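Laboratory data are not the source of any read-out in this text; all were calculated from the coordinates shown. As the structure is a computational prediction, the values presented were derived from the model and not from experiment. A quick note on method: Cβ atoms are made from the backbone with ideal geometry, for glycine too, and the neighbour counts reach across all protein chains shown.
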Amino acid sequence: MKYKELGKTGLRISAVGLGTMVHAGHFGAMKDSESLSAIDTAFELGVNFIDTSDAYGAGYSETLLGNALKGRRDKVILATKGGNVMVGPNRGKRIFDADYISQVMDESLKRLQTDYIDLYQLHNPTVDVIEHGEVWQVLERAKQAGKIRHYGVSINTMEEGVAAIKDGRAETVQVEYNLLAQEPRETIFPLAEKANVGIIARVPLKRGILTGKLTVADETRFQGEDVRARSFKGEAFAKELAKAEQLKFLVHGPVKNLCQAAIAFCIAHPAVSVVIPGARNAEQMRENASGADVDIPAADTDKVAELWQRGFAA
Ligand SMILES: NC(=O)c1ccc[n+]([C@@H]2O[C@H](COP(=O)([O-])OP(=O)(O)OC[C@H]3O[C@@H](n4cnc5c(N)ncnc54)[C@H](OP(=O)(O)O)[C@@H]3O)[C@@H](O)[C@H]2O)c1
């Protein structure tokens, strides 16, 4: 495993981490035994960063992790998030009021069965919250009290990422970054490098599209609460699959599959501290971690840049 610095936090973090949204059933039904095998394998392979949220399964992912980390809590840099409401009358809203975040942070600590969270992230705050929210004082007080060690944001838009870095309070920014979503490289990463803000690259496999295993026929599999049910449909899905097809040239020599290439691509950017693919089981965890063992040759990186610049047009 390769290790990097997580921005200015002083934490030494594995280049590949584990995203646990899948363990809460957001990618179809899950068995706890499979989730636990992914977590155990992460430890075996030197993966020391796990990302979760109180929103994943309305706390289910945190509860599972709390049980899984018994006796080895100190071996892992544990990151969670708050602000996305998943239960009660405010379900679906994002709330960053001081009282609300104080309350849900305490609930996360309980579910995780720990007295400290290494990284607490605001889960998709708006630019207004980032620039003017009273929530920052809550985070600073929690840090002083030892409940959290560091804090940052997980963002959706480039404007939010830029605002967070310019504001200067977030120590980390979590953002979608992958071969099919390279905008952060142009907008957020240069600022993050200058300010030494750690970048956590999420959705590196584009929810499976960048593993090379999906075809248009798979769209019928994604139903109900599966996060892919809406986006992996029709023309939009076919277009993304066609782009992934064009990226298969990356698989040669030591790069054995597209999944490895997709992860190695993210790690290669110096602004990126850690990549957090979701892993449903031990096998996926092993494959994802192996992305840290390969490098993309410069000529291939240039070709990826060219494909991106022309929007993957023929
Ligand atoms: N707003 C936010 O803060 C936010 C939003 C999204 C994600 N995240 C974080 O980022 C993490 C990663 O994002 P993600 O899980 O949405 O997307 P992802 O990592 O791109 O894709 C994960 C999915 O791809 C498939 N997969 C993973 N490894 C594989 C392998 N080696 N071979 C074949 N298939 C594989 C699995 O689904 P199947 O087995 O079903 O194919 C898995 O659930 C999340 O767990 C979460 O921690 C944060």
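Data overview
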| item | result |
| --- | --- |
| Contact order normalised by residue count of the range 1-105, Cα under 8 Å, 6+ apart, percent | 22 |
| E176 long-range amide H proximity, modeled H, under 5 Å | R202 |
| Packing-based exposure ordering (other Cβ within 10 Å, fewest first) of D118, D226 | D226, D118 |
| For the chain: relative contact order, % (alpha-carbon pairs under 8 angstrom, 6 or more apart) | 22 |
| Label point 7 Å beyond Cα of A58 along Cβ direction - residues of the range 14-37 with amide nitrogen under 15 Å | 24-26 |
| Distant-in-sequence amide H partners of I117 (H built 1.01 Å from N, under 5 Å) | I148, R149 |
| Helix-only CD estimate at 222 nm, as mean residue ellipticity for the chain, using -39500 (n - 2.57) per DSSP H run (n ≥ 4) | -11000 deg cm²/dmol |
| Links that overshoot a 22 Å alpha carbon limit, given the list K2/K70; K206/K233; K213/K239; K8/K110 | K2/K70; K8/K110 |
| Efficiency of FRET from Cβ geometry, E235 and T157, R₀ 25 Å, rounded to 0.05 | 0.60 |
| For the range 302-313, Karplus couplings with θ = phi - 60° (6.51, -1.76, 1.60), whole Hz, Gly/Pro x | 4, 5, 5, 4, 5, 4, 5, 4, 9, x, 6, 6 |
| Likely footprinting exposure, L180, L18, fewest C-beta neighbours within 10 Å first | L180, L18 |
| Of the trypsin sites (Lys or Arg not before Pro) in the range 88-122, those whose Cβ has at most 13 other Cβ within 10 Å and which sit in DSSP loop | R91, K93 |
| Antiparallel %, DSSP beta bridges [both residues in the chain], to 5 | 15 |
| Extended-chain gain in nm, criterion 0.36 nm per residue less alpha-carbon gap, Q223 and D74 | 49.8 nm |
| Candidates G17, G25, G198, ranked by Gaussian network fluctuation over the chain, Cα under 10 Å, top entry | G25 |
| Built amide H within the under 5 Å cut-off of Y3, gap 5+ | A15 |
| 3J(HN,Hα) from dihedral phi, the range 85-96, Karplus parametrisation 6.51/-1.76/1.60, rounded to Hz, x for glycine, proline | 7, 10, 9, x, x, 8, 3, x, 8, 10, 10, 10 |
| Residues listed by number, the range 246-288, amide nitrogen under 20 Å from D302 label point at 7 Å toward C-beta | 247-255, 265-266, 268-270 |
| Cβ-derived FRET efficiency at R0 30 Å, K194 paired with H132, nearest 0.05 | 0.80 |
| FRET efficiency, E107 to D32 (Cβ-Cβ, R0 25 Å, nearest 0.05) | 0.75 |
| Integer Hz, Karplus 6.51/-1.76/1.60 couplings in order for the range 183-192, x for Gly and Pro | 3, x, 4, 8, 10, 8, 4, x, 5, 5 |
| Sparse-neighbour loop sites [trypsin sites (Lys or Arg not before Pro); the range 208-286; at most 16 other C-beta within 10 Å; DSSP] | K213, K233, K256 |
| Computed label-point distance, nm, for sites D115 and D295 using a 7 Å Cα→Cβ extension | 4.5 |
